[in-house]
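Engineer: Just passing along the structure, written as structure tokens.
Where a number appears in this text, it was derived from the coordinates with a stated rule and is not lab data. Bear in mind the structure is a predicted one, so any value in this text is a computation, not a measurement.
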Amino acid sequence: MDMKVIKHGLLMLAVLVGLGLTGSQAAWAKGKLSQVDPTTIAPCTSATTTLAGSDIVYTLTTSFSTTFTGTCIKVTGNDNLLVIGPSITISGAGAGIGIDIEGSNNVINGRASTISGFATGVLDHGSNSLGDDLDFTGNGTGLKLTGSTLRWINLNSSSNTGAGIWLNACRDECSVSDFFVSSNGGDGLLIDGGSPAASASLFISQDNTGNGVHVGSNSKDTINGKVVIDDAALDTTLAVNNNGGDGVFLDASESGAIDKVTGIISDTNGGIDMHDATANCGTSGHFNLWSSLSFGTSKAGATSSPVCIPNLPSL
């Protein structure tokens, strides 16, 4: 089975352009794309390749491996389009960052390419980025989002030693959609550090050592709040299953978060399939909403099979 089992071909280049634009629009997107001469970037064999320009179409079309242990490609400019591939592999030496995005309004079109062998495959701490169609494998963390208003879709992040996808203090409605996370050494999907209104939808999370999905934080001072986990119900065997920890876990920091977990199938996990660490799924009128779920086991606080996590096995 193709690892991108839920790939729907959501974005063609024209759609990427349209979604990636804000404000005055990028210059490369005005008029016809055929009039733009792309800038081919060099592999980072011994130093960081920095993309500091703005309103530029950058291309990377050849696979390469690097022994350089710093950041491989750094995007510091704004309003750019980086086109990778099709179907190439960027391989690191077990350290550093594959692609580091720092600017704003940048679009990354991976074209079924792979980032492998870095401490972090892609780190996006820019703003208003849009990323599409990349695989992450053999990294520490596959994809880490720490910026603001970031959207990444059509992803496969598997066999990384840490989390497959990690939203850490990602602000202003960051989202990941249409993704597959499997066989990672940490959680499949981790949302923490104060990522308010983050969302994850249309996904499969299975065979991860940690939790399939973990929403939480180290401190109630950095509560996420109104996180949405939605639509992991493609099939009973293609959902949130066979993870070493819980299927979906809202930890104690989410006690007043008003998170929403809906449309999820979760079964045969090593821990609890649907787990809210807070009794009654919330406190003081601020309750997490669990709905349209199918699962084997559930728990809220110390209570198994709680009323606040209803089971609809026919889902």
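Engineer: Go ahead and estimate [θ] at 222 nm for the chain from helices alone: -39,500 (n - 2.57) per DSSP H run with n ≥ 4, summed, over the residue count, rounded to 500. Show your work: numbers first, answer last.
Structural biologist: Numbers: 1 runs with 8 residues, N = 315.
That comes out to -500 deg cm²/dmol.
Engineer: Same structure again: Straight-line reach from Lys260: which aspartates and glutamates have Cα under 12 Å away, leaving out those fewer than 8 places along the same chain?
Structural biologist: Within reach: Asp230, Asp231, Asp276.
Engineer: Could you pull out every one of the aspartates and glutamates with an alpha carbon less than 13 Å from that of Lys74, ignoring same-chain neighbours closer than 8 positions?
Structural biologist: Reachable aspartates and glutamates: Asp100, Glu102, Asp124.
Engineer: What share of Cα pairs, in percent, lie more than 24 angstrom apart in the chain? Before the final figure, lay out the partial values.
Structural biologist: Values: 25004 of 49455 pairs.
Tail of P(r) above 24 Å: 51 percent of Cα pairs.
Engineer: Next question. Short version: what are the Cα gyration tensor semi-axes of region 77-135, square root of 5 times each eigenvalue, largest first, in whole Å?
Structural biologist: Each semi-axis is the square root of five times an eigenvalue, giving 19, 14, 7 Å.
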